[in-house]
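Structure, as structure tokens:
The values are calculated or read from the model by the stated rules, or taken from the named source; none is laboratory data. This structure is a prediction, so every number in the text was calculated from the model and none was measured. Heads up, the Cβs are rebuilt from the backbone with ideal geometry, glycines too, and the neighbour counts pull from every protein chain shown. Please note that ligands, DNA and RNA were not included when accessible areas were found on the heavy atoms of the full protein model with its side chains. Shrake-Rupley method; radii C 1.70, N 1.55, O 1.52, S 1.80 Å.
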Amino acid sequence: MTETVLGLYNYWVVIFLMMMGFYIVISRGNLIKKVIGLNIFQSSVFLFYITVGKVSGGTAPIVEEGFEVYSNPLPSVLILTAIVVGVATTSVALSLVVRIREAYETIEEDEIQAQDEAR
Amino acid sequence: MSEAIQAQLPVLQVVIPLLAAPLCIILRRRSLVLPFATGVCWLTFLVSVFLLGDVLEAGVISYELGGWAAPWGIEYRVDALAAFVLLFVSGIAALVLTWAPRSLNDEIPASRHYLFCTLYLLCVTGLLGIAITGDLFNVFVFLEVSALSSYALIALGGRRQALPAAFQYLVMGTIGATFILIGIGLMYQMTGTLNMADMAGRLPAVEGVRTALVAFGFLTVGIALKMALFPLHVWLPNAYAYAPSVVSAFIAATATKVSVYILLRFMFSVFGLEFSFEQLGLGRALMPLALAGIFVASTVAIFQRNVKRMLAYSSVAQIGYMVLGISFATATGLTGGIVHLFNHALIKGGLFMAMGCVMLQLHSVDLDDMAGVGRAMPWTMAAWALGGLGLIGVPATAGFISKWYLIQAALERNSLIVAVLLLLSSLLALVYVWRVIETAFFHEPSARAREAREAPLSMLVPTWVLLGATVLFGIYTRYSAGVAEQAAEAVLRGLP
């Protein structure tokens, strides 16, 4: 029991963040909050990849005398790319929000819909 | 062509548009940028023609990026299916951009044309990259390259509704891509490799483990979101309806098709037929969704006033046909699905191009404004009608070939009901296509239609080339269904 709770606590954090981010994206009508939710959701995946790369008892993957077990550096490298993608997504999303605010004078989803239907 | 260049073709396929994209920003001048980008697209198309020739002649091409050997380095892998997808994506990209200048002038401010070209080329790069790569993580990266540029492209649309549409697409697209990323991560955790062929070899040992099953689930949902499989299609209609005409034509013809390709790759090449379809019953899950998508989306399409929106709903239905073919998981079914990828890309690309011609002259694509437009623009609307016949699946059009294979596949599996449903669904397509034809040709001209003139030749010719090709491929199927058959067999055989 303690093994599943404490031994895998990284994964619990990942699941908690993932569900929280996902819930914010679905439930909130404010576009900025949606972007934040999306960010939390993506971050949980970054954490997941880094967790996957950890080898228990392993050290940082730098060849040095006296160390034999190293953590897997590949997931960290992959996630560096994914972080860049995340940043790009956020910037595109935010610039869209700015343009939406200019066009509709609101960033609430239901108000935007109401304006579109009124016309 | 020299040996040296021929050996580098797989990487050139992606690198040419990738490097050309930032060059567009440097060139900047409108009179230079558009011809440059168009030339690049045609060059990319030429590369894909040579690649397909090589693959059909010599079998699978494997290219080691940067000289790093396969399971460690990134491998580009071109088989019949990949080459087929590369060919039509690059071909349509080139044709749409050749068609585009007049429409661009009308819909996007001239000061932004260089940015449009940059985004367009990046989108092409992403789509081609997905098709060519043999590395799982690379798929995700290219997926995001194409997706991010298409969000921005859609937001270029003239009406403000384009902005929320692009935002909604961004949110759903990012969720889909992140799901795919989670799936890839879980698979990496189980096998320790990212190379598709390598993973296909290692997966059978761990397929019973729950992690692999969860990975499969995440991937299926993520890809379904990306390809707009009913009921995950809600982002698509607005995005296609409010994007600039040129963007609608290109994205509608290629983006969702490439996502269907990802589904084929993951489910057949990586997980393998036996695991996906026999153990987990993916076919049983996909078939009802595909059929529901065909009927619901076709029915909704009938009630649309905006013709671009109608075509978008029709796209959701057509994705249903492709997925239906895949869900049979037989050679005939897959051939039907894959050939429909190609045929529908031609048909929908051509139809959206014809709508772009209408948009140029009428500044509207509402049915009310399009009343009687067939008299003012006979060539445009005749092309539209030709494409519409293809959507319905009338014999001697490309759409017929797809449906022929699909119905055959259904009969092979003794599911008479599916075959009958397929025929019935064509009637729904008949209704929404006929509504437009009737309005355009037999109604009294609207105020806008009275003042309209025929679209310029520079737009009519590419539209007719694409829609003429649907008739050509409805009669000569050597290079559509023939290649699709080879691709289907290669997919069923799986990776070595």
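Within the stretch B:1-157, the ratio Rg/Rh, alpha carbon atoms throughout and Rh by Kirkwood, equals 0.99. Sequentially through the stretch B:477-483, phi angles give Karplus couplings (6.51, -1.76, 1.60; θ = phi - 60°) of 9, 4, 9, 10, 5, x, 5 Hz, Gly and Pro residues having no value and appearing as x. Evaluated at q = 0.11, 0.21 Å⁻¹, the base-10 log of the normalised Debye intensity for the stretch B:261-334, with identical point scatterers placed on the Cα atoms, takes the values -0.33, -0.84.
For the stretch B:3-493, give the magnitude of the charge dipole about the Cα centre (Cβ charges: +1 Lys/Arg, -1 Asp/Glu; no others), in debye to the nearest 20.
1120 debye
Normalised by 2.2 N^0.38 Å, with N the number of residues, the alpha-carbon radius of gyration of the stretch B:3-493 equals 0.92. A simple charge model with +1 on the Cβ of Lys and Arg, -1 on the Cβ of Asp and Glu and nothing else charged puts the dipole of the stretch B:14-126 at about 620 debye relative to its Cα centre. Listed cross-link partners B:Lys257/B:Lys403; A:Lys33/B:Lys257; A:Lys34/B:Lys308; B:Lys226/B:Lys308 are compared with a 23 Å cut-off, the Cα-Cα value being larger for A:Lys33/B:Lys257; A:Lys34/B:Lys308. Legend: mean number of C-beta atoms from other chains within 10 angstrom of residue C-beta atoms, peptide B:155-168, equals 5.
Both radii come from the Cα set of the stretch B:114-175: Rg as radius of gyration, Rh as Kirkwood radius; their ratio Rg/Rh reads 1.03.
Find the Cα radius of gyration of the stretch B:145-229, compare it with 2.2 N^0.38 Å by division, and give the number to two decimals. Numbers along the way, then the final one.
On the way: Rg = 16.4 Å, N = 85, 2.2 N^0.38 = 11.9 Å.
Ratio of Cα Rg to 2.2 N^0.38 Å: 1.38.
Ordering B:Phe218, B:Phe277, B:Phe303, A:Phe67 by accessible surface, largest first, gives B:Phe303, A:Phe67, B:Phe218, B:Phe277; the 1.4 Å probe counts only protein heavy atoms, with every chain in place.
In chain B, the longest principal axis of the Cα atoms and the axis of helix B:3-27 are about 50 degrees apart. Counting only DSSP H runs of at least 4 residues, each contributing -39500 (n - 2.57), and dividing by the residue count of chain B, the helix-based mean residue ellipticity at 222 nm comes to -26000 deg cm²/dmol.
Note on the stretch B:3-493: dipole from Cβ charges, positive end direction compared against B:Cys123, B:Ala410, B:Ala385; the farthest Cα belongs to B:Ala385. Considering all alpha-carbon pairs of the protein assembly as shown, what whole percent are spaced by more than 42 angstrom? More than 42 Å apart: 20 percent of the Cα pairs in the protein assembly as shown. Taking Cβ separations below 4.7 Å as the criterion for a possible disulfide partner, the isolated cysteines in chain B are B:Cys41, B:Cys123, B:Cys357.
Sequence-distant contacts, meaning Cα pairs under 8 Å at least 6 residues apart, place the relative contact order of the stretch B:379-474 at 47 percent.
Computed over the stretch B:342-408, the quotient of the alpha carbon radius of gyration and 2.2 N^0.38 Å is 1.24.
Against chain B, whose longest principal axis comes from its Cα atoms, helix B:398-412 is set at around 40 degrees. Averaged over the residues of peptide A:90-97, the number of Cβ atoms from other protein chains lying within 10 Å of each residue's Cβ is 5.
The apolar share of the surface of chain B, taken as the fraction of accessible area on carbon and sulfur atoms (1.4 Å probe, ligands and nucleic acids excluded), comes to 65 percent.
Helices of chain A meeting both criteria, an alpha-carbon length of 20 angstrom or more along the long axis and an average Kyte-Doolittle score not below 0.5, with helices taken as full DSSP H segments, are A:9-27, A:31-53, A:74-104. Across the stretch B:348-408, the mean sequence separation of Cα contacts (distance under 8 Å, 6 or more residues apart), normalised by length, yields a relative contact order of 26 percent. Here, chain A yields an orientationally averaged convex hull projection of 9.9 nm² when only Cα atoms define the hull.
Show A:Ser27, B:Ser425 ordered by accessible area, largest first, where the area counts protein heavy atoms only and the probe is 1.4 Å. Write out the running numbers ahead of the final one.
On the way: A:Ser27 50, B:Ser425 0 Å².
Correct descending sequence by accessible area is A:Ser27, B:Ser425.
Take each residue in B:183-194, count the other chain C-beta atoms within 10 Å of its C-beta, and the mean is 3. Only one residue of B:His443, B:Tyr114, B:Gly337 has its Cα farthest out toward the positive end of the dipole of the stretch B:3-493, where Lys and Arg carry +1 and Asp and Glu -1 on Cβ, and that residue is B:His443. The local environment of B:Ile338, defined by Cβ-Cβ distances under 13 Å, has a net charge of -1 under the rule Lys, Arg +1 and Asp, Glu -1. Relative contact order of the stretch B:3-493: 15 percent, from C-alpha pairs under 8 Å at least 6 residues apart in sequence.
Computed about its Cα centre, the charge dipole of the stretch B:97-183 is approximately 280 debye, with only Lys, Arg, Asp and Glu carrying charge at their Cβ.
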